[in-house]
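Structure, as structure tokens:
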Amino acid sequence: MKTILITGASTGIGHAAALRFHAEGWNVAATMRKPESAGDLAGLERVVVLPLDVTDRANIAQAVQSTLTAFGGIDVLLNNAGYGLVGPLEAVQAAQLERQYATNVFGPIYTTQACLPHFRARKAGLVINVSSIGGRLALPFNSIYHGTKFAIEGLSESLALELAPHGIQVKLIEPGGVRTDFGGRSLDFMQQAGLSAYDASLKAAMSTFMEPDRAKDYSDASQIAEVIYQAATDGSAQLRYLAGKDAQAMLAHRASLTDEEYRDWVVAKFHL
């Protein structure tokens with residue numbers, strides 16, 4: 001029986017993935033900052049709910065060890081925990097910047113580090129990093145978030161090469177828009193009192209982001225969880241998995257344009 005350790009499993013993609021793998025008979029270590037938020041995962045057979053704040057290295061080590069104690073091994077690590085930080089870069093506060101990278105970049109690194117000795121000893125293992133279509137292209141007022149996801153893309157591609165001789169794989173999941181609370185609980189804003197220079201363009205861009213038509217091709221969390229399950233079980237050497245119709249359309253559109261053409265399209269689309 002295989003085991004997966006999932007970060008950020010209380011809601012959204014992480015929660016849906018926990019249910020998907022459990023339904024297939026896997027052992028699931030569902031980790032989250034607040035275990036009391038486990039909901040329907042609590043009490044399920046073959047599921048352990050563990051506290052895990054990915055910005056706390058001691059907490060990470062404890063969660064990995066608790067998973068090994070509970071199930072005897074880990075086959076897949078799913079680095080899913082993350083959130084978005086939006087607004088003009090000029091307004092970002094040091095604490096916001098550090099927390100964004102601590103959660104979206106350093107957390108997956110440290111959690112992967114904690115699992116690698118076990119994977120190397122077994123000469124097998126799979127690290128799945130949840131990136132974003134925002135790791136392949138960029139939109140305005142998301143510079144810090146894009147920076148974290150571009151970082152995860154580069155880290156994962158390089159890591160896949162260095163771990164291959166040890167029998168360990170790395171894969172990337174790149175969702176587009178997902179119908180979760182990402183725009184609420186999982187979103188933070190960069191604001192600075194007295195900084196009004198960006199107000200007009202930010203308002204215009206946000207109105208485009210909020211257009212109802214943009215959500216028509218968004219995915220449910222369960223659809224992204226299905227892509228994650230396929231990546232974990234397809235036995236292929238595939239690195240990247242685009243997840244969602246909108247992600248596929250956005251990347252195809254970006255690939256059809258030069259950098260300058262894409263910039264001009266964004267400027268027009270978002271009324272900058």
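None of the figures in this text is laboratory data; all of them are computed from the coordinates on show. Keep in mind that what you see is a predicted model, and the values were worked out from it rather than measured. We place every Cβ from the backbone using ideal geometry, glycine too, and count neighbours over all the protein chains shown.
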| query | Which of the DSSP-defined H helices in the chain satisfy a minimum axial length of 20 Å, computed from C-alpha atoms, and a minimum mean Kyte-Doolittle hydropathy of -1.0? | reply | 57-71, 107-122, 143-163
| the range 124-143 residues near the modelled residue 201 label - backbone nitrogen below 16 Å, point 7 Å along Cα→Cβ | 138-143
| said: Between the range 100-162 and the range 1-22, what is the separation of their alpha carbon centroids in Å? | reply: 17 Å
| query | In straight Cα distance, which aspartates and glutamates are under 19 Å from residue 2, not counting same-chain residues fewer than 8 positions off? | reply | 24, 45, 75, 226, 234
| Order of 209-216, 41-48, 221-228 by packing, highest average Cβ count within 10 Å first? | 221-228, 41-48, 209-216
| said: How far apart, in nanometres, would the label points at residue 164 and residue 121 be if each is projected 7 angstrom from Cα along the Cα-to-Cβ direction? | reply: 2.7 nm
| task | Would you calculate the separation in nanometres between label points at residue 157 and residue 262, each defined as 7 Å from the Cα along the Cα-to-beta-carbon direction? | result | 1.2 nm
| query | What is the gain in length, in nm to one decimal, between residue 252 and residue 102 on full extension, counting 0.36 nm per residue of separation less the C-alpha to C-alpha distance? | reply | 50.9 nm
| query | Calculated from the structure, Cα Rg over 2.2 N^0.38 Å equals which of (i) 1.16; (ii) 1.02; (iii) 1.60? | reply | (ii)
| field | Segment residue 209-residue 230, length gained on full extension (0.36 nm per residue, minus Cα span) | value | 4.6 nm
| In the chain, what percentage of the DSSP-assigned beta bridges are antiparallel, given to the nearest 5? | 0 percent
| For residue 245, which lysines qualify as cross-link partners when the Cα separation must be under 19 Å and same-chain residues fewer than eight apart are set aside? | 216
| query | How high is the relative contact order of the range 131-272, in percent, with contacts defined as C-alpha pairs under 8 Å that are six or more residues apart? | reply | 33 percent
